[in-house]
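One structure below.
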Amino acid sequence: MSAPLTSAPVLDTPRLTLRGPEACDIEPMIAFLMDQTRAAGFGPSANRGEAWRWFALNVGHWHIHGYGYFTIEDKESGTPAGITGIWYPEGWPEPELGWVVFDGFEGRGIAHEAALRARQWAYEVLGFTTLTSNIVPGNTRSIALAERLGAWFEREYDNIHMGRDLLYRHPGPDADGSVEAYA
């Protein structure tokens, strides 16, 4: 483990630790972003330099907004399993709850568990009253996860980086069952 690059809190779930980005996360993130197929719904990078800049952008996002993408760390292995968090760069319609699971971590409920915890933190600590998830059309796995999280399709919009996107609205913190707590 390397030193934190942000003042992000550390959040726990039964199987996962959500923490701020660290230098040791650069290579797993670059590997994900350069995989054109796996990163298609997120925004793949054409080269290492572009992927590295995305990582640095997330670090800066934390410093500007006080939130960003957490690294999802698998407690059992100590390995980065993906990212989740709140994303709101210039040009986004509103704050988004996003998630990505790295190769080898799919199908284990990690994205669901991590996104629930990030959403809980955004509502309880940051005071958000709503969040969206912006999903590329055809990304059926992310659509299914958004719906499992209680989100519903609200509208299409033009994402400045991805083109046409589907905006899913999450239930607010006062909705029945919208925020599951992890103790």
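The values are calculated or read from the model by the stated rules, or taken from the named source; none is laboratory data. Just so it is clear, the model here is predicted, and its values are computed rather than measured. Here Cβ is always computed from backbone atoms with ideal geometry, including for glycine, and neighbour counts include all displayed protein chains. For accessibility, only protein heavy atoms count, side chains too; no ligands or nucleic acids. Shrake-Rupley method; radii C 1.70, N 1.55, O 1.52, S 1.80 Å.
Quick grid of which residues meet (1) acidic (D, E); (2) open to solvent by 40 Å² or more (accessible area, probe 1.4 Å); (3) modelled with pLDDT under 95:
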residue	(1), (2), (3)
H112	no, no, no
G138	no, yes, yes
A151	no, no, no
N159	no, no, yes
Which numbered condition D35 misses (of (1) touching a helix residue (DSSP H, G or I) at 6+ places or on another chain (Cβ under 8 Å); (2) of a type outside the set (K, R); (3) in contact (Cβ under 8 Å) with a residue 12 or more places away in the chain): (1)
Scope region 123-133; condition in contact with a Leu (Cβ under 6 Å, 6 or more places away or on another chain) and either exposed (fewer than 15 other Cβ atoms within 10 Å of the Cβ) or not β-branched (V, I, T) (or both); matching residues: L131, S133
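Being in contact with a His (Cβ under 9 Å, 6 or more places away or on another chain), among the hydrophobic types (A, V, I, L, M, F, W, C) and under 18 Å from Q36 (Cα atoms), is that true of even one residue in region 133-145? Even if it seems obvious, please write down each step before you answer.
Our first condition is that a residue be in contact with a His (Cβ under 9 Å, 6 or more places away or on another chain); within region 133-145, this holds for 133, 145.
Restricting the remaining residues to those that are among the hydrophobic types (A, V, I, L, M, F, W, C) gives 145.
From the residues that got through so far, the ones that are under 18 Å from Q36 (Cα atoms) too are none.
No: region 133-145 contains no residue that is in contact with a His (Cβ under 9 Å, 6 or more places away or on another chain), among the hydrophobic types (A, V, I, L, M, F, W, C) and under 18 Å from Q36 (Cα atoms).
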Number of positions in region 120-154 that are under 10 Å from G41 (Cβ atoms) and in contact with a helix residue (DSSP H, G or I) (Cβ under 7 Å, 6 or more places away or on another chain): 1
Breaking point among (1) in a helix (DSSP H, G or I); (2) farther than 24 Å from T37 by Cα, for L126: (1)
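Return yes when R108 is open to solvent by 30 Å² or more (accessible area, probe 1.4 Å), of a type in the set (K, R), in contact with a strand residue (DSSP E or B) (Cβ under 7 Å, 6 or more places away or on another chain) and over 17 Å from T6 (Cα atoms) and no when it is not. Before you say what the answer is, go through the steps one by one.
Details: open to solvent by 30 Å² or more (accessible area, probe 1.4 Å): yes; of a type in the set (K, R): yes; in contact with a strand residue (DSSP E or B) (Cβ under 7 Å, 6 or more places away or on another chain): no; over 17 Å from T6 (Cα atoms): yes.
Spelling it out, it is not the case that R108 is open to solvent by 30 Å² or more (accessible area, probe 1.4 Å), of a type in the set (K, R), in contact with a strand residue (DSSP E or B) (Cβ under 7 Å, 6 or more places away or on another chain) and over 17 Å from T6 (Cα atoms).
Going through S77, S178, S133 one at a time, which residue ends up being in contact with a strand residue (DSSP E or B) (Cβ under 7 Å, 6 or more places away or on another chain) and either at pLDDT 95 or above or of a type outside the set (A, V, I, L, M, F, W, C) (or both)? Before the answer, list the steps.
On the way: S77 fails: in contact with a strand residue (DSSP E or B) (Cβ under 7 Å, 6 or more places away or on another chain); S178 fails: in contact with a strand residue (DSSP E or B) (Cβ under 7 Å, 6 or more places away or on another chain).
Unique residue meeting the criteria: S133.
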